[in-house]
Amino acid sequence: MKIEHINDNFSVSDQIVIEDIQSLVDIGVTLIVCNRPDGEASDQAPFFELKEAADKLAVEIVLIAFKPGELTNELLMSFAAVVAKHKRVHAFCRTGSRSKVIYQRVENMNNKARSSVGENKFDVVIVGAGSGGIAVAASLRKRNKSLNIVLIEPSKDHYYQPGWTMVGGGIFDVQSTCRKTQDLIPTGVSWIRHSVSSFEPADNVVVLDDGSKISYQELIVAPGLKLDWAAIEGLEDALGKNGVTSNYRYDLAPYTWKLVQGMDKGKAIFTQPPMPIKCAGAPQKALYLSASEWFKSKKIKNIDIDFYNAGNVLFGVQAYVPALMSYIKKYQANLMFSHTLVKVDGESKIAWFKTRNAEGRDEVVEAEFDFLHVCPPQRAPDFIRDSELSDDVGWLDVDPSTLQHRRYANIWGVGDIINTSNAKTMAAARKQAPVVAQNVANVFANKEARVAYDGYGSCPLTVERGKIVLAEFTYGGTLAPSFPKWLNDGTKPTAFSWVLKANILPFIYWHAMLKGREWLASPM
Ligand code: FAD
């Protein structure tokens, strides 16, 4: 291996052999990037052998391979993302020159972003280009085309997360739930591919992960929430093997369906953490769709289903509970309320739950499983919790009606991050985005008027393949059906709601909500 040091943080070389990995670790390398494909030359070690050796030495190694002259933007983005997470990186290919090229291209890209970021001031800065962020950008742009709007979002991929329940149930293909962020940024809106790391609200500035600052006149905060996998001991290691899965991750939802199909008998456990979580119905939706498949294939008589729920009700709005209970009975599922998952051992297939015993004392109980579907605990992202914008428990502190920040009048919130009592759902973000867009547009038009969000949220509970209980409600759990009862009774399982979820809502998401078409969502 002939090492060439490009700078203190990055070096390149020609082919490496297994023994070289120790030398790289010795000089402080924490990430090795392989830029050549396997099988290019007869004397090269296959990637999997290098990976086995690197794993043993606890150094990360990734394959971002391309032939000379075939470097794509996608590879460039992957390289940039993985390199950004490490202080000392070594890349190699056959001669080292491809590794130099890809590094140089990423450096150029970063320099360009840094210089443009430094000089940029925007009328409106939006933090996060998820469901809420893109929707509000599109709705705002529709109202005022002269505004200089920027979305700040680190991810090159955008996900339709409501589709993951359907992926776990074998109905959707996982790829259909992901599109390139670039393709969804509304025309005329800029995108900065960085994360926001902190706020300086007194100076109307957000600080990015590279230290540069962006200033705004109005700020819209929409970074979603944090899935706190690490809060459960052993979970991160256990996921994706030994029957442990979760529909809350793009890469794992297909594994749920694989497990469901492969299960003939045994114990299936589904867990739900303390509220608030996004899509409060999703943990039990995973249960129903799995059970529906086992019911159809007549395997259910050999499968015990347990629902371990940290809360003490099946669903927060009572009107929907009878319909849900009828399915719990049909699938003979056991409801274990006030049980919070605290630890998982995937290899021995044991999960531990904290609960309170009959004498009122805390205790931890053990449960063996063959299949475990976990919904992780959820909280506000650290950069919001640690900021002046959060409430006492970390969420963005906004007025529940106008969605304006309670202390900073030029800051607004959309989506899962806000501390309102609505159900944290895409359906809620779909109604909130036009409200914030209208209120911000009014500020630029010097109008005092503010429109209001009523707390609408919706949860399509997939009780069996082909039927859904469509929960729709506003603040305080007041039922708010979108359709007249003769067409669809939301408190009952209906095929109509299934068609809506399986065929119509994804279309509305991609072609209406993210494009500023506010069907059934225009603010009053
Ligand atoms: P997100 O869509 O999560 O987007 C947040 C964005 O912010 C992300 O792109 C992220 O990369 C970015 N970001 C994070 N940190 C930063 C930072 N520091 N700087 C800049 N950007 C940042 N909803 C329904 O209505 N119906 C359903 O049936 C339904 N089912 C669901 C099933 C599952 C399994 C899951 C996981 C969710 C489901 N939801 C459902 C919930 C819905 O997906 C979310 O409520 C919705 O996506 C929230 O939108 P958001 O914009 O707040 O967050």
Any chance GLN161 is at pLDDT 95 or above, part of a loop (DSSP other than H, G, I, E, B), out of contact with any strand residue (DSSP E or B) (no Cβ under 7 Å at 6 or more places or on another chain) and not hydrophobic (A, V, I, L, M, F, W, C):
yes
Return a yes/no flag: does region 394-407 have any residue that is more than 12 Å from the ligand (Cβ to nearest atom), part of a helix (DSSP H, G or I), farther than 16 Å from LEU225 by Cα and modelled with pLDDT of 95 or more.
no
What number of residues in region 480-524 are among the basic types (Lys, Arg) and under 28 Å from ARG143 (Cα atoms)?
2
Cβ-Cβ distance below 6 Å, separation of 6 or more or different chains: which pairs start in region 204-219 with a residue that is closer than 20 Å to GLY132 by Cα and end on one that is surrounded by 18 or more Cβ atoms within 10 Å (Cβ to Cβ) and of a type in the set (S, T, N, Q)?
TYR216/ASN204
So if I check each of GLY188, GLY170, which one is at pLDDT 95 or above, away from the ligand (no atom under 11 Å from the Cβ) and not in a strand (DSSP E or B)?
GLY170
Residues located in region 472-500, provided they are small (Gly, Ala, Ser), buried (at least 16 other Cβ atoms within 10 Å of the Cβ) and within 15 Å of the ligand (Cβ to nearest atom):
ALA480, GLY490, SER497
LEU50: among the hydrophobic types (A, V, I, L, M, F, W, C) and under 29 Å from LYS180 (Cα atoms), yes or no?
no
Within 11 Å of the ligand (Cβ to nearest atom), among the hydroxyl-bearing types (Ser, Thr, Tyr), at pLDDT 95 or above and within 30 Å of ILE6 (Cβ to Cβ): does that describe SER155?
yes
Mind counting the residues in region 503-524 that are surrounded by fewer than 19 Cβ atoms within 10 Å (Cβ to Cβ), within 15 Å of the ligand (Cβ to nearest atom) and among the small types (Gly, Ala, Ser)?
1
Considering residues that are without any contact (Cβ under 8 Å) to a residue 60 or more places away in the chain, within 29 Å of GLU293 (Cα to Cα) and surrounded by fewer than 22 Cβ atoms within 10 Å (Cβ to Cβ), the number found within region 450-471 is 2
Any residue in region 416-433 that's touching a residue at least 60 places away in the same chain (Cβ under 8 Å): show its pairings with residues that are within 6 Å of the ligand (Cβ to nearest atom) and hydroxyl-bearing (Ser, Thr, Tyr) at Cβ separation under 8 Å, as long as the two are six or more apart or on different chains.
ALA423/SER458; THR425/SER458; MET426/SER131; ALA429/SER131; ARG430/SER131
Determine which member of the set LEU63, LEU50 is touching a strand residue (DSSP E or B) at 6+ places or on another chain (Cβ under 7 Å) and under 30 Å from TRP191 (Cα atoms).
LEU63
Quick one: in region 230-278, which of the residues that are aliphatic (A, V, I, L, M), in a loop (DSSP other than H, G, I, E, B) and closer than 27 Å to ALA428 by Cβ is farthest from the ligand (Cβ to nearest atom)?
ILE232
Report, ordered by the first and then the second residue, all pairs with beta carbons closer than 6 Å, sequence separation of six or more or different chains, a first member in region 281-296 that is under 13 Å from LEU324 (Cβ atoms) and in contact (Cβ under 8 Å) with a residue 24 or more places away in the chain, and a second member that is more than 11 Å from the ligand (Cβ to nearest atom) and in a helix (DSSP H, G or I).
TYR288/TYR327
Going by the structure shown, is GLU359 away from the ligand (no atom under 16 Å from the Cβ), assigned to a strand (DSSP E or B), over 21 Å from ILE300 (Cα atoms) and over 26 Å from the mean Cα position of the chain (by Cα)?
no
From the list ALA291, ALA268, ALA280, exactly one residue is modelled with pLDDT of 95 or more and within 16 Å of the chain's Cα centre (by Cα). Which is it?
ALA280
By residue number, the members of region 191-220 that are within 26 Å of VAL443 (Cα to Cα) and either in a loop (DSSP other than H, G, I, E, B) or of a type in the set (Lys, Arg) (or both) are ASN204, LYS213
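The values are calculated or read from the model by the stated rules, or taken from the named source; none is laboratory data. Source: prediction; values computed, not measured. All Cβ positions, glycine included, derive from the backbone under ideal geometry; neighbour counts span all protein chains shown.
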